[in-house]
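Structure record follows, encoded as C-alpha cells.
The values are calculated or read from the model by the stated rules, or taken from the named source; none is laboratory data. If you're wondering where the values come from, they're calculated on a predicted model, not measured in any experiment. Neighbour counts are summed over all protein chains in view; Cβ atoms, including those assigned to glycine, are modelled from backbone coordinates with ideal geometry. Remember, those area values only see protein heavy atoms, side chains included, never the ligands or the DNA or RNA. Shrake-Rupley method; radii C 1.70, N 1.55, O 1.52, S 1.80 Å.
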Amino acid sequence: MGDRTELKHLVRPRYNNARGIYGPNWITPPISFKGVTLRIFPLRANLNVLQKRVDGYLNQSFPVEKAGWFRAFLPYVYLMVVDYGSMSAEATNLGWVSQREMFFNIPLEWYRLGRNGLSLHSWASVAPIIFVDQEISMSIGREVYGWPKSLATLGQKESDWVRHPLSSTPVVSISTGVLDKAYAGKSYEDRVFLEVENEIAESQIRFDEESPLLPWVGIPHLIQNFVAMLGDASRIFRRQFLDPFPPGRAPSPYLQEALRLAVPPYSGDMPNIYLNNVNLKQFRSASNPELACYKALVNYQLRVQRLKRVGLLGDTRVLAGDTSGGYRIRLHRYPSLSLAETFGLQGKKWQIDDKAVWTVRPVMPFWLELDMSYDRARTITSSAGVWSRKGTGPLDFTGSSSRQDQDHRQQMRIRTTDGTVAQQISGPFDFPKTTLRVLPLLATKEKLEQFCDAYFNTPLEGANLQFKPWGTYVYLIVTNYDEMSSETNNVGLWAKKEVGFYLPVKRYSKQHPEKLMGVALVPVFCYADNVVAANTSAEVSGTPISRAKITIPPSTWMEGGGPANTKPQPVMEISTQVLSALEQSQPIEQRLLMDILVGGEVVDYNDDFTQRYVIAHWGQTLKQEVYRMRKNSMGAERDLKASRTLALELLANKQFINHITFKQFRDADEPERACYQSIVETGTEVYRLDTLQEIESIVHVRIHQYPTHPIVSTLGLVWKTRETQGGTIIHNLEAVRPFWLKAGLRTKLGRNLCWRANTSEWVMNEHRDRDRYFVRNEKNERPEVNETPSYLHDPDEMLNGWQRLYQQVDDWKSRQSPGSKYLLDVKTAEEAVEKIEPQMTLHTVLSREWENWDDNPRVFPELQRLNNANSTMGPEAADALILARLNTAPGRLVAEQAQEQRKTPDAVSFTPYRYTSTRLWQKPDFCVRGNSLTEFRVYPNGQERSFYWDPETPQPVWYVGPSPLASPPKPEVSIKLEPTVYV
C-alpha cells in the first residue's frame with residue numbers, strides 16, 4: 001500500500017499456480033504484437049462531459065498527492081478498431097493468440113504534485129471502455145493492467161449493393177451482451193451496439209444532384225467542415241490558454257513536453273515512439289462490493305517497434321472536402337450501454353422503434369500498420385483499504401467520523417463510466433429456481449493432500465489457517481439458473497449455466513490444530529456460459545472461473561424436471577479456449593474440454609480386453625471404496641447418524657454451505673507475483689428444497705487433457721478408461737451415485753479470513769468467526785437462543801417419512817427445542833466430521849430417498865404391491881411373498897414384525913408395511929452400481945436396468961425399474977469373468 005516510492009521496496013508474494021497453467025492467465029507481459037493494423041476515428045465530444053468522466057473515473061479515485069491530477073484537453077474521443085495479428089509473451093513463448101478490439105480513448109494531461117504545486121508531468125490517455133473478441137486478452141488486460149475490457153463480437157454486415165449500387169458499405173459491426181430493459185428481470189442478449197459504414201459508393205463519377213464532384217455539393221461540404229475544424233481549434237485554444245490553470249501549473253513544462261513528443265529520441269533505426277497510458281485497476285470487495293478490495297493507478301507504454309505504413313481513410317472524399325472520409329459511426333443506445341451520452345459525442349439522434357441511435361461523423365480518420373509491444377507496467381499508487389497506513393483491517397470505515405476515513409471510503413468506491421455495460425454484478429443473490437446435478441468423482445487421497453498443501457497451506461505460511469481434504473471425492477456440479485435477483489444491483493438475468501469441480505475441505509487453526517474451525521467446498525476449476533457471470537465470480541468472490549461455451553443437446557437431462565432415464569446420449573458439452581501444447585508456437589483455439597454422457601457404457605460390449613481391464617481395475621477400486629465405507633461406519637453408528645443431522649442442517653434448517661476461495665490478482669510491475677491475495681469465505685443457503693433424487697442412469701464424464709486445463713492430473717481423479725482421439729488424451733470417469741436437486745438458493749456476501757496486498761505478511765480477521773457453526777464460547781459451548789437446547793442425534797427416529805423435510809424439522813424444533821437455531825451440538829458435529837466423510841453421508845441420504853418427489857419412488861410401488869397382496873391373498877401369503885423375494889434374515893424379521901403390527905389391516909393405506917419394511921426396499925447404506933463389478937449387460941430394446949452391489953451379499957440386492965424386487969430381464973449379451981479377477 002502506498003505510492004510508487006513505497007511500493008518499490010515491497011516484496012510481493014508469488015502468484016499461486018497450484019492449479020497448474022490454467023485458464024487465460026498464462027500469457028504475462030511484456031507482450032509483442034506482429035502485424036497490427038489500427039483504424040482511428042476521431043469523434044467530436046463535449047469537453048465538459050469528458051472532464052466529468054475523467055474526474056469520476058480517475059481524479060476521485062486517488063489522493064492528488066499520490067496519483068496527481070488528470071485533465072481532458074482535446075474535444076475529441078478516439079474510436080480505435082485494432083487487429084492485433086498475433087500476440088505472444090516475450091518471456092515465455094508458450095503460444096500465441098490473435099485478437100481484435102475496439103476502444104474509446106481520451107487524451108489527457110497528467111499533472112503531478114511537486115514542491116511548487118501541480119505541474120505537467122506528461123501527456124497520457126485513458127480508455128475507460130474496451131471491447132475485445134478474445135477471452136485471453138480480456139482476462140490479461142483486466143487482471144494485470146486494469147483495462148476494463150468486455151467481451152464482444154466484431155463482424156461485418158452484408159452489403160446492400162445488390163439493392164442499389166450507391167448503397168453504403170458496412171465496414172464493421174460490434175455486438176455484446178446488453179439488456180433491452182434494465183431492472184426488469186430480462187436476460188443479457190448479444191445485440192449490435194456500434195456500426196461503422198463507408199458512404200463511398202462504387203460510382204463516384206455520376207450524373208445526379210448529389211454527386212460529390214458537383215461544385216454546389218462539394219464547396220458547401222468544404223466550408224462546413226472548415227468551420228467545424230475552426231471551432232475545434234478555438235475550443236482547444238480556450239482550453240489551454242484561457243481557462244484557469246490548475247493551481248501551480250506553469251506553461252514551461254507544457255512546452256517542454258510538446259517539444260519532447262515532437263522530436264522523439266531514436267532507438268536504433270526507429271524513433272522511440274510510444275503511447276503513454278494510465279488505467280484504473282480495481283477489484284470489488286467480497287464483503288462490500290460497492291468498495292474495492294484493491295485499487296491502483298497503473299501506467300504503461302505501448303511502444304512502436306516498427307512503423308510500416310500509414311494513410312488516410314477515405315482519402316478521395318477528404319480531397320473533395322469531406323473531412324469524415326465518407327465514414328459514419330452508428331451508436332445504438334441500450335439501458336446498459338449508452339456510449340454517445342457517456343462521452344458527449346456530437347451527432348444526430350434518431351429514434352428507431354423504441355431505441356435511440358446516434359449517427360456520428362469522424363474527423364480525418366486514418367489507419368496505421370505497425371509492430372508494437374506492451375512493456376511491463378508501473379504501479380503509481382495502490383490501496384487495499386488504506387493508502388499509507390498499515391495494520392488496520394481492509395475497508396473498515398463503519399462508524400468512523402474521521403474526515404480522512406470518509407474521504408478514503410469515497411476513493412475506494414468502484415468507479416465506472418456512466419451508462420456502460422455491467423462487468424460484474426454485486427450480491428447478495430437470490431436464485432429461486434435452481435437445478436443442480438452433482439456428480440461425485442473418485443480421487444486419490446495423496447493428490448488431494450498435495451493440492452491442499454500447494455494451494456493453501458504453503459502460501460498461508462504465517463497465517464493461522466490450515467486446510468485438509470475432507471474425503472476422497474471431488475464433486476462436479478452442473479448448475480442452471482431459471483431466475484435470479486440481487487439485493488444491491490438487480491439489473492437482470494446475468495447467469496444461466498455453470499460447471500465446476502469442487503473439493504470438500506476441513507479448516508483448522510494452526511495455533512490449535514485439533515480445533516475444527518469449519519468445513520467448506522473449494523472451487524478448483526469452474527466454467528460459466530456468460531462473461532458477466534465469469535467476471536462476477538472471479539473478481540468479487542475469487543472463484544477460478546473461465547468463460548466457456550456450454551452446449552446442451554436436446555435432452556430431458558438438463559430440463560427443470562431433472563434427469564430422466566434415457567438411452568445413452570451426450571447431454572452436455574463444454575468447450576473453452578485451450579492451448580494444445582506448450583512452447584510449440586501453437587495458437588489458442590476453442591476446443592471441446594469436457595462432455596457428459598448419460599446411460600450406456602463407454603466400453604464397447606465387443607471389446608473383451610477393455611472390459612476385463614475395467615472390471616479388474618475400476619471395478620476393484622469401487623469394491624474397495626464400499627468396503628472402506630462399510631468398515632469406517634462400524635462402531636461409528638452415532639457419528640453416521642450425526643452426519644445425517646448435519647445434512648438436515650444444510651437441506652432443511654437453512655445453515656449455510658460454505659465456499660472457500662483463494663482470491664488473487666497479478667501485479668502490474670511483476671506479473672509472476674500477486675499484488676493482492678485473500679482467503680474468501682462465502683455461503684449459500686438452501687431456503688427451499690423442492691426435490692432430491694438419485695440419477696439412476698449411469699453417468700460418465702469425459703475430460704480432454706490440455707496443459708492449460710490440467711483437471712485430472714491436478715485433482716488426481718481416478719479414471720475408468722483412457723483413450724486418444726485426434727491426438728488428444730481423453731479420460732473417461734464414472735460418477736459414483738450421482739444425484740440432482742431443485743431448490744431455492746440464497747447467497748450471502750463473502751468475508752476475508754485473511755488478506756495481504758503488496759507484501760508477504762498476512763492480516764488475519766479471526767474476530768469475524770463469532771457466528772460460525774463450529775465456533776464455541778469460553779465454556780466450549782455454542783451460544784444458543786435457548787439456554788437448554790435439545791439436539792437431534794438420530795434423524796431416522798424424527799422423520800415420519802422422508803418428504804417435507806423443512807416442515808418436519810420446524811415441527812421438531814418447535815416441540816423439542818423452541819428458539820434453537822441448530823439441530824446438533826458442536827462437539828457431536830465435530831466428531832461426525834472427523835469420522836464420516838461427505839460421500840458416506842450422501843450414500844445414506846440417497847438410499848433413504850430424502851425429499852424424493854418422483855412419481856414412482858422405489859419404496860411406494862412395493863408397498864402398494866404388498867398391500868394388494870395383503871388384501872387379496874391374506875397376511876400369510878403376503879409374508880410368504882416377502883420371504884420368497886428376499887430370502888434373508890432381515891426379510892424374515894420384517895415379516896414377523898409385519899405380522900405383529902397387522903392388528904387392523906387396511907387394504908388401501910400403506911400402514912401394515914410402511915414403517916417396518918422401509919429398510920427392506922431401500923438401497924443399502926453403502927453400495928455402488930454393479931455394472932463395472934461383475935459383468936456388462938446389454939438389454940433388449942435399449943432398455944437399461946442397473947443393479948447396486950452391497951458387500952454384505954454376494955448378489956446384487958437392488959434393481960432399478962418399476963419392479964425393484966423382480967428379477968432383471970435376461971441380457972442379450974453377458975460377459976462373465978472368473979471369480980479370481982474380481983475377488
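Computed values, structure above
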item: Under Karplus coefficients 6.51, -1.76 and 1.60, residue-wise ³J(HN,Hα) of the range 628-643 in Hz, glycine/proline x; result: 5, 5, 4, 5, 5, 7, 5, x, 10, 4, 5, 5, 5, 5, 5, 5
item: Separation of the M364 and K52 label points, Cα + 7 Å toward Cβ, nm; result: 2.9 nm
item: Reference-scaled alpha-carbon Rg (2.2 N^0.38 Å with N residues) for the range 576-706; result: 1.60
item: Spacing of the two label points (7 Å from each Cα toward its C-beta) at K510 and E189, in nm; result: 5.3 nm
item: Interchain or long-range residues, amide H under 5 Å from Q305's placed H; result: D371, M372, S373
item: Accessible area of M364 in the full protein assembly, 1.4 Å probe (Å², nearest 10); result: 60 Å²
item: Cross-link table K549/K835; K468/K654; K66/K506, entries beyond 32 Å C-alpha to C-alpha; result: K549/K835; K66/K506
item: In Hz, Karplus ³J(HN,Hα) per residue of the range 325-341 (6.51, -1.76, 1.60; θ = phi - 60°; x = Gly, Pro); result: x, x, 9, 9, 10, 9, 10, 8, 9, 10, x, 9, 7, 9, 6, 4, 6
item: Ordering of 637-644, 520-527 by burial proxy (mean other Cβ atoms within 10 Å per residue, highest first); result: 520-527, 637-644
item: At q = 0.17, 0.27 Å⁻¹, base-10 log of I(q)/I(0) for the range 301-342 (Debye sum, equal scatterers on each alpha carbon); result: -0.77, -0.84
item: Mean Cβ count within 10 Å, highest first, over the residues of peptides 684-692, 332-340; result: 332-340, 684-692
item: The range 453-479 versus the range 349-369: alpha-carbon centroid distance in Å; result: 52 Å
item: The range 814-834 versus the range 500-545: alpha-carbon centroid distance in Å; result: 25 Å
item: Rounded FRET efficiency, nearest 0.05, which uses the C-beta distance separating D407 from D854 and R0 of 56 Å; result: 0.40
item: Under-5 Å amide H pairs with D667, H placed in peptide plane, nonlocal only; result: R673, A674, C675
item: Distance in nm between pseudo-label sites at S125 and T153 (7 Å out along the Cβ direction from Cα); result: 2.8 nm
item: Amide H within-cut-off set for D133, under 5 Å, with H built and near neighbours excluded; result: R100, A152
item: Links that overshoot a 22 Å alpha carbon limit, given the list K52/K295; K663/K742; K496/K748; result: K663/K742
